[in-house]
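In what follows, a structure is listed as structure tokens, so that the remarks can point back to it.
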Amino acid sequence: MKRKQIYTGLWASLLLLAPAVTSTTSAHATDIQTGQQSVATSQLSASQSTSSQVASDQLVESSRQSQGTSSCSQVAEVPAKTAQTTNNQPVKSAAKAVLNQDYQGAMARGAQQLTTSQDTEVWAALARISSGAQLTTAQKATFHQVFAEELTGMAGHYSATDLERLTIGIAEIGEDPTQFNGVNLIAEIIKKAATAGITGQVYGIIALSTQDYGSQANQTINQLIDLVLKQQNTAGGWAFFGSVSDLDITGMTMSALGMHRDQPKVQSALDRAVALLKTTGFVKATGGFLIPGGFSTEENSNSTAMAILGLAAAGVNPATTFVGDNGATPITNLIAYQKADGQFRWMMGSDDGALSMSTEQAVYALGQYDYLLKGKGSIYNFKKVVPEPDPEPKPDPKPAPDPKPSIPGKKPAGESSASSSSEVDLDKTLPKQPGYKEDGMPLTGTTATQDALPQTGHQSVWGSVLAGLFMLLGVAGYQTRRLKQR
């Protein structure tokens, strides 16, 4: 019997310990499994990162094109059908570039590189200002001298685009294009822009919109907008020549029209252009843009930058509206062109071409993207915001006189005697007593009745006299009753 009790106790102990042992064992197994999965995931991520980096380093274009050397009259136009077919094919450039989202860092590095290289182009100033950098007084003076020398070198033979470019630069450094070195550039643009080509009309809109230049300039802006809208092709884009949409011209035109989105006809044209970039221009494999044409049959940073510029100016976020394979966007695509020194390549993996131009366009395109996110409008808007003067302080109205205290028994005009007698202000009609605060409250603790209605001196004296009389009468009556009882 004792042995049976011992065995029973042992089994009970094991049953009590079983859940704890099972729980510990399961937790240990789970930890081991989780650790194995973490190691596997880390190895996979590292492998993918290494593969991406290797692929990015091996991206060398088979054919390259030098910026600015192609002549428009020497290049044959590519039919729209061919462009569409070519665009659907896989593109090598930036196809597996590392997806860098830090556009602000890339923009700052590019702007710093332009400063270090002492680039004095109008577009370098635009890039630096749109990136958030502040030009020093000395830097502004340098730009002023460069612009003045360039204007003097024209010797009165101004083309529309030269005038417009200089106007943008002069407005950038805070000076007046209507009287720069004795020349009214705005008046000259008004004369020439309408008869210029598509670029002269596009940059005419931009130049005349940098500041407020009066009614005649505004009329010219509307005229130029109408001319540009008529040149939009059936696909929704704009071409430098011919009928095939060009990415650079389309992006530039969108950036100009984006300054006048309040006009319904302008917004409609921008919507069509965005649809073109979505259906025809966007390359999902890389996140960039390509519409093969006379200037380029391969992806490049300039075309992608101009598309980003146009989209952001039109109020469209390129990083959320255009998302390709593995999360690639136009922003990550453009950043992938940047070199370690801050410059932006023209073609992926190549240092050929005008890298200063690529850097300028990439930086101010990212600047326009930054403006979009911050709700700052167009990077070409240099209108000085004049603070409204504070309104003159109005004199305070004369304070109304305090109402006269109501007197019990006297009826004010328009009121009944009942209402007037109920409005007696005790704090005004009754004098304050020594020993009470300014608000009429006693300095020492009293009963609730005394706190609510403090007594005056006359009330206190007469109360004592009456109390004494009542006491005497009471004593006399008592004595009378006793005499009668005897």
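With every protein chain in place and a 1.4 angstrom probe, the accessible-area ranking of His157, His144, His260, largest first, reads His157, His144, His260. Note on exposure: Tyr213, Tyr364 ranked by accessible area (1.4 Å probe, complete protein assembly) read Tyr213, Tyr364, with the most exposed listed first. Under the rule a/c < 1.5 gives rounded, and otherwise a/b versus b/c splits prolate from oblate, where does the range 157-241 land using the Cα gyration tensor? In terms of gyration-tensor shape, prolate. Remark: relative contact order (the range 216-359) = 21 percent; criterion is Cα-Cα distance under 8 angstrom and separation of 6 or more residues. The string of couplings for the range 233-246 from the Karplus curve (6.51, -1.76, 1.60, θ = phi - 60°) is 7, 5, 6, x, x, 10, 10, 6, 8, x, 10, 7, 4, 10 Hz, one whole number per residue in order, with x for Gly and Pro.
Just grab the label-to-label distance for Asn326 and Gln118, each label 7 Å out from Cα along the Cβ direction, in nm (one decimal). Distance between the two pseudo-spin positions: 4.2 nm.
When all protein chains stay in place and ligands, DNA and RNA are ignored, the 1.4 Å accessible-area order of Phe147, Phe295, largest first, is Phe295, Phe147. Pairs exceeding a 25 Å alpha-carbon distance, out of Lys278/Lys383; Lys230/Lys376; Lys191/Lys383; Lys140/Lys383: Lys278/Lys383; Lys230/Lys376. Coupling constants for the range 312-320 follow from the phi torsions by the Karplus curve (6.51 cos²θ - 1.76 cosθ + 1.60, θ = phi - 60°), and in residue order they are 5, 5, 7, x, 10, 7, x, 7, 10 Hz; glycine and proline get x.
Database remark: amide H of Gln338 closer than 5 angstrom to the amide H of Arg345 (H placed geometrically; neighbours at sequence offset of 5 or more, or on other chains; Pro and chain starts carry no H).
Per residue, the range 269-389 exposes 34 Å² of solvent-accessible protein surface, assessed with a 1.4 angstrom probe and all protein chains in place.
The values are calculated or read from the model by the stated rules, or taken from the named source; none is laboratory data. Everything numeric in this text was worked out from a predicted model, so none of it was measured. Ideal geometry is used to build each Cβ from the backbone, glycine not excepted, and the neighbour counts take in all protein chains shown. Heavy atoms of the whole protein, side chains included, go into the accessibility calculation; ligands, DNA and RNA do not. Shrake-Rupley method; radii C 1.70, N 1.55, O 1.52, S 1.80 Å.
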